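The values are calculated or read from the model by the stated rules, or taken from the named source; none is laboratory data. Small disclaimer: the values here were computed from a predicted structure and weren't measured. Counting neighbours? That spans all protein chains shown, and the Cβs are built from the backbone with ideal geometry, glycine included. The accessibility values were calculated without ligands, DNA or RNA, using every heavy atom of the protein model including side chains. Shrake-Rupley method; radii C 1.70, N 1.55, O 1.52, S 1.80 Å.
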Amino acid sequence: MDNSSAKDIANHLAADGDRFKELKAFDDSKAGVKGLVDAGVKSLPKIFIRPPEELLEELNLGRSQTEFPVIDLSGIQSGPDQRKSVVDTLRRASEEWGFFQVANHGIPAKLLNGIVHGTCEFHELDAELKEKYYSRDLSRVVRYSSNIDLYQSNVATWRDTLTINLMTTYQVEPDELPEVCRNAVMDYIDHVTKLGETLFELLSEALGLKLDDLNAMECAKARNFVLHYYPACPEPDKTLGTRRHTDPSFLTILLQDQIGGLQVLRDNQWIDVPPVPGSLVVNIGDLLQIVSNDKYKSAEHRVLANRIGPRISIACFFSGVIAPPKIYSPIKELVSEECPALYKEFQVGEYLKNFYSNSLDNSRLQKLKI
Ligand code: OGA
Ligand code: NI
């Protein structure tokens, strides 16, 4: 190694050392971004400021007001013609966007309001009451933290999260949950799980498969619920609420409140996903893109920071079966001589390891390409 590169590395490590200290101090506070806001910060701490190269890259991307697909699910019970029309719309949205909203999905508005309210109440508990849930131990069923990838990403984002991890145990005991959101969370888990199974049926049909094929692959089995709280941000242009990413799931169902800020990247343009009261946002994740052999698309998305807040959102990631020996690969009915398999077989656990070790690296999907 020549001297100049040794010096570069030394400088880099020193800079990183400071950054690490700041991250650690923030993490040790166990109070999240909400804690900073409560302490009255008026300018962003360095760890949250997006690097100039990222802002420059942004200049290549436009913004567009294109209309976002909305699917009315009431049609699926009203006879074969209406059902076919829903399935056709769903197919188009999953192929072209990888994102859509669903209306009339059967989850009562009262429950949607209840879970948004419960999430807000949890994050607004006194710091001493929240602290005992704070943890980075991914195996814990219920845990709260700020920035799931705090130590892995190059810049932190303006968001705290309560996670209910049903990835290996598949259930949570009510008394493990914070009391302020206990009933709403239990009820929401049940309803969203059922909606997920219904969507997997429709998505199977839209791929020309048997109704039950995706559910038989246990796509809806492991679930991770993340209850996000995006506090009001004093300098929203310098940071993000959630960095651009694709979801490492089969499918994600997202409930967002009225604040807005979620955007999808389509043809190099950021498109707003407008809050629609009572509806839910659904997106295709990487794993469904793979098993559908690229028929469906897992689209990049992000959340802007906002001077107004808090913004609340609740996502459920459906992640299949994680435990080995379960293996997934492109569905054989979707593979033929003219349309060969585009991906190797994989285990979900391995895929997720890649996500958590470097979620900035959006090449996870590429690595599985044949
Ligand atoms: C996510 C995500 C969007 C939102 O949790 O993966 O994209 O609106 N969330 O919070
Ligand atoms: Ni996401």
Using only alpha carbons, build the gyration tensor for the stretch 66-368 and give me the equivalent ellipsoid semi-axes, biggest first, whole Å.
-> 29, 22, 20
Among residues other than V276 whose Cβ falls under 13 Å from its Cβ, what is the net charge (Lys/Arg +1, Asp/Glu -1)?
-> -4
Within the stretch 93-178, chymotrypsin sites (Phe, Trp or Tyr not before Pro) in DSSP loop having at most 15 other beta-carbon neighbours inside 10 Å = Y151, Y170
Using the structure shown, list the pairs from K46/K238; K194/K367; K297/K367; K34/K194 with a Cα-Cα distance above 22 Å, or answer none.
-> K194/K367; K34/K194
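Compute the accessible area per residue over the chain, keeping the other protein chains in place, probe 1.4 Å, unit Å².
Here the per-residue accessible area is 46 Å².
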For the stretch 294-344, which GluC sites (Glu not before Pro) are in a loop by DSSP, counting at most 14 other Cβ atoms within 10 Å?
-> E337, E338
Summing +1 for each Lys or Arg and -1 for each Asp or Glu, what net charge is found among the other residues whose Cβ lies under 12 Å from the Cβ of G62?
-> 0
Row for the stretch 68-217, column shape: gyration tensor on C-alpha, a ≥ b ≥ c, rounded if a/c < 1.5 i.e. under 1.5, prolate if a/b over b/c, else oblate; value prolate
Compute the separation of the alpha-carbon centres of the stretch 246-271 and the stretch 139-163 and state it in Å as a whole number.
-> 18
In terms of Cα to Cα distance under 19 Å, which aspartates and glutamates are near enough to K130, apart from those fewer than 8 places away along the same chain?
-> D27, D28, D38, E121, D160, E173, D175, E176, E179
Per DSSP loop assignment and a cutoff of at most 15 other beta carbons within 10 Å, the chain keeps its longest run without exposed trypsin sites (Lys or Arg not before Pro) at 211-306
Pop out the carbon and sulfur fraction of the accessible area of the chain as a percent, whole number, probe 1.4 Å.
-> 52
Counting Lys and Arg as +1 and Asp and Glu as -1 over every other residue whose Cβ sits under 12 Å from the Cβ of L334, the net charge comes to -2
